[in-house]
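Right, one structure below, let's go through it.
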Amino acid sequence: ERDFQGHILWAKNVPSQPVNVQRLANGNTFIATVHQILEVDRAGKEVYTIGVVGGVTAAYRARDGRIVCLAQNGSRCILMDTSGKRLKEFPSNRDGSWTSGIDLLANGHILITQPNRNKVAEYDRNGKLVVEVNAPMATTATGLPNGHFLVASSTNRCVFEVDRSGKVVWQHQAESSIFRARRR
């Protein structure tokens, strides 16, 4: 964790490449690496660890405690509990070679960026497609309170907001690559 001046406030060394990190409401930190998912307290002590066979490209912990992750092999979206028990899984329609690419929405839905298809898709927890929009060269996307999606495109060096019909309502062109964007 860093402040806006770049000073390190908190750190945890992990054995393999991290793909997502999330500060939880209880102050713990959820960490997804290519080969494991873990939660640690503020002192860095592990609360639980889940070994993942086949690899992970992204993972988040939902408010209800479930873990949502994208599998590296098989292009699957997997919902599991903190013991690693799979509760549900469905096709993510995403090439497993990309890293990151999911966001959990306030309504419990899962937003999956599909760079191989130039799409961003919202699914319910049962894997039913809710909405899909065009997102050329999208790297990651996040849900906004107004129901729109904020999409980052590393290749196109831009971030844009798209409504649920697919209309671009705002765009920012950058001078360098943008991998992820979030509104504050």
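Quick notes on this one:
- Elements of the type strands (runs of 3 or more DSSP E) sitting completely within the range 44-84 and holding at least 1 residues that are under 19 Å from residue 25 (Cβ atoms) and over 15 Å from the mean Cα position of the chain (by Cα): these cover 46-51.
- Single residue of the range 15-56 satisfying the filter (aliphatic (A, V, I, L, M) and farther than 24 Å from residue 76 by Cα) that is least open to solvent (accessible area, probe 1.4 Å): 40
- Residues in the range 105-123 that are in a loop (DSSP other than H, G, I, E, B) and under 15 Å from the mean Cα position of the chain (by Cα): 105, 106, 108, 109, 115.
- Members of the range 141-167 found to be exposed (fewer than 15 other Cβ atoms within 10 Å of the Cβ) and of a type in the set (Val, Ile, Thr), listed by number: 155
- Flag if residue 99 is in contact (Cβ under 8 Å) with a residue 40 or more places away in the chain and in a loop (DSSP other than H, G, I, E, B): yes
- With respect to (1) assigned to a loop (DSSP other than H, G, I, E, B); (2) surrounded by fewer than 20 Cβ atoms within 10 Å (Cβ to Cβ); (3) of a type outside the set (Phe, Trp, Tyr), the lone exception for residue 138 is condition (2).
- Among the conditions (1) closer than 26 Å to residue 131 by Cβ; (2) surrounded by fewer than 20 Cβ atoms within 10 Å (Cβ to Cβ); (3) not aliphatic (A, V, I, L, M), residue 94 misses just one, which is (2).
- On inspection, residue 111 does not qualify as open to solvent by 10 Å² or more (accessible area, probe 1.4 Å) and closer than 25 Å to residue 50 by Cβ.
The values are calculated or read from the model by the stated rules, or taken from the named source; none is laboratory data. None of the values given here were measured: they were computed from a predicted structure. Cβ: placed from backbone, ideal geometry, glycine included. Neighbour counts: every protein chain shown. Calculation scope for accessible area: heavy atoms of the full protein, side chains included, ligands and nucleic acids excluded. Shrake-Rupley method; radii C 1.70, N 1.55, O 1.52, S 1.80 Å.
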